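Notes follow once the structure below has been shown.
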C-alpha cells in the first residue's frame with residue numbers, strides 16, 4: 001500500500017508547479033519510505049521471535065506423538081481388559097442361569113426382591129450372633145435353627161438371607 005502511494009506521489013511530483021509542492025511531495029515520499037522500513041523491521045523482529053516458537057512447536061509435536069502412542073497403548077489395554085471382563089461376565093451369567101434353574105422359583109423371587117431393596121446385597125453372614133449386614137443381634141433360638149437347618153432363613157430385622165459359616169479351629173488353620 002505504501003509502495004503504491006509512493007508511485008502516485010512520484011507521478012504527482014512531476015506535475016508540481018512550485019518548489020513548495022515539490023518539497024511536500026518529497027517529504028511525503030520520505031514519510032512513506034520510513035513507514036516501509038518500520039514495517040520491514042517489525043517483520044524481521046517477528047521472524048526472529050518465531051524461530052524459537054517453531055522449535056517449540058516441533059518439540060511439542062514430537063511429545064504429542066509420544067503421548068498419542070501411550071494413549072493408544074492404554075486404549076488397547078483397556079479394550080482387552082473390557083473384553084476379558086465381558087467374557088467373565090458372560091461365564092458368570094451362564095453359571096447363574098444354571099444355578100437359578102435348580103432353585104425354587106419362590107426363593108429366586110425373594111432373592112431378587114431383597115437384592116433390589118438392599119443396594120445389591122441380598123445375603124449376609126451370621127457371625128457372633130449378629131446379622132453381618134444390619135448388625136442386629138439374632139435370637140439364640142434363631143441362631144440354633146440357622147446352624148442346624150438346611151432351609152433358607154431370613155434376618156428378622158433387615159430381611160436378608162442369612163447363612164452360618166462355622167469358625168475353624170485354631171489348630172486346623174496352622
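All of the numbers you see were taken from the coordinates with simple rules; none came from a lab. Keep in mind it's a predicted model, so treat the numbers as computed, not measured. All Cβ positions, glycine included, derive from the backbone under ideal geometry; neighbour counts span all protein chains shown.
See the values below:
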item: Selection status of residue 73, touching a strand residue (DSSP E or B) at 6+ places or on another chain (Cβ under 9 Å), surrounded by 10 or more Cβ atoms within 10 Å (Cβ to Cβ), free of Cβ contacts under 8 Å to residues at least 60 places away in the same chain and in a helix (DSSP H, G or I); result: no
item: In region 138-155, the residues that are outside any helix (DSSP H, G or I) and in contact with a strand residue (DSSP E or B) (Cβ under 8 Å, 6 or more places away or on another chain); result: 138, 152, 153, 154, 155
item: Residue satisfying all of: in region 108-160; in contact with a helix residue (DSSP H, G or I) (Cβ under 7 Å, 6 or more places away or on another chain) and touching a residue at least 40 places away in the same chain (Cβ under 8 Å); nearest to residue 97 (Cα to Cα) among these; result: 152
item: Residue, farthest from the chain's Cα centre (by Cα), within region 11-39, restricted to residues that are surrounded by 13 or more Cβ atoms within 10 Å (Cβ to Cβ) and either over 17 Å from residue 1 (Cα atoms) or touching a residue at least 40 places away in the same chain (Cβ under 8 Å) (or both); result: 16
item: Looking only at region 112-150, and only at residues there that are loosely packed, with under 11 Cβ neighbours inside 10 Å and within 35 Å of the chain's Cα centre (by Cα), the one that is nearest to residue 164 (Cα to Cα); result: 120
item: Residue count for region 122-137, restricted to those that are farther than 11 Å from residue 158 by Cα and assigned to a loop (DSSP other than H, G, I, E, B); result: 2
